[in-house]
Amino acid sequence: MKYALRNLENQVVLITGASSGIGMATAKAFAEEGAKLVLNSRSQVRLNEIVQEIGQSQAIGVSGDCSNPAVTKEMVATAIENWGQVDVLIANAGSGFFGSVLSGSDEQIVQTVHTNFIGTVQLVRAGLPHLIAQKSGDIVIVASAAGYRGNANEAVYAGTKHAQVGFAGSLDREVRESGIRVSLICPAGTDTEFALGNGRTFGDPNLKDYLAPEDIAFQIVTVIKMPITMRTQSWGTWSMKQGS
């Protein structure tokens, strides 16, 4: 007997960091499943491009910094106004740099903490009341393998990812009895624009040995398509050429 997966057509999915990398790949993957999308990015120009590619009848962009609660509240309000519901929250926006804890500017450190952790919390705070009211929904937090074990020269970044891991675990215990699933996705290095110029170099051939954004998009869509009787607490992934 064929295993029955959930139909994602017309499910309303909110994604932060959606104009490049994992977020863009995830937006396209959900669009192929027939989902409705509210997409967020700091870059209005790039956000417009991905919305245009998917189609304005299926995707709407809300630009701004997702660590700002006004932005995440606007994302939720946009979903309710256009499609009457919120089904999936995907906290994907990420920022970071690689180097000693003494390197980088104070502004870089604050931005990394705000984007990676505060942005995650604000998306959840904006959307969770609607999920609780309908007694169903999914929250996906895109963290990192660094959330379990950070390497040298990524202490600040790893600290924000440890925060996401702790947040997801506690949140799962808080909302599961309300019918809400929390899934933690923890990929190793992925070939995206992440940290280019801040510890990664554009064109570095080693990036081709990393995971692809589409790999992580597949993970995210897969955990959402699982029957609602199941939940994925944590899914870590490495490419065949990466150490663990």
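The values are calculated or read from the model by the stated rules, or taken from the named source; none is laboratory data. Values in this document were obtained by computation on a predicted structure and should not be read as measured data. No Cβ is skipped: glycine too gets one built from the backbone with ideal geometry, and neighbour counts run over all protein chains shown.
Please specify each residue of region 136-157 satisfying the condition of being over 16 Å from the mean Cα position of the chain (by Cα) and either farther than 15 Å from residue 84 by Cα or β-branched (Val, Ile, Thr) (or both). Those that are over 16 Å from the mean Cα position of the chain (by Cα) and either farther than 15 Å from residue 84 by Cα or β-branched (Val, Ile, Thr) (or both): 148, 149, 150, 151, 152, 153, 154, 155, 156. Somewhere in region 37-46, is a residue at pLDDT below 95, within 30 Å of residue 230 (Cα to Cα), under 17 Å from the mean Cα position of the chain (by Cα) and hydroxyl-bearing (Ser, Thr, Tyr)? The answer is no; no qualifying residue exists. When residue 183 is tested against (1) among the hydroxyl-bearing types (Ser, Thr, Tyr); (2) modelled with pLDDT under 95; (3) buried (at least 20 other Cβ atoms within 10 Å of the Cβ), only condition (2) is not met.
Just one residue in the set 52, 122, 108 is at pLDDT below 95, within 29 Å of residue 191 (Cβ to Cβ) and polar (S, T, N, Q); that residue is 108. Screening residue 132 with (1) in contact with a strand residue (DSSP E or B) (Cβ under 8 Å, 6 or more places away or on another chain); (2) buried (at least 17 other Cβ atoms within 10 Å of the Cβ); (3) not in a loop (DSSP other than H, G, I, E, B) gives one miss only, at (2). For residue 170, the criteria (1) without any contact (Cβ under 8 Å) to a residue 24 or more places away in the chain; (2) crowded, with 22+ Cβ neighbours inside 10 Å hold in every case but one, which is (2). Restricting attention to region 196-223, the residues being more than 16 Å from the chain's Cα centre (by Cα) and either surrounded by fewer than 16 Cβ atoms within 10 Å (Cβ to Cβ) or modelled with pLDDT under 80 (or both) number 14. Mind checking whether some residue in region 92-101 is within 22 Å of residue 180 (Cβ to Cβ) and out of contact with any Cys (no Cβ under 7 Å at 6 or more places or on another chain)? Yes, region 92-101 has at least one match.
Residue pairs whose Cβ atoms lie under 8 Å apart, separated by 6 or more positions or on different chains, with the first residue in region 48-65 and within 17 Å of residue 84 (Cβ to Cβ) and the second among the basic types (Lys, Arg) and assigned to a strand (DSSP E or B), are 58/36; 59/36. Of the residues making up region 136-182, those that are touching a Gly at 6+ places or on another chain (Cβ under 7 Å), assigned to a helix (DSSP H, G or I) and within 17 Å of residue 232 (Cβ to Cβ) are 145, 164, 165.
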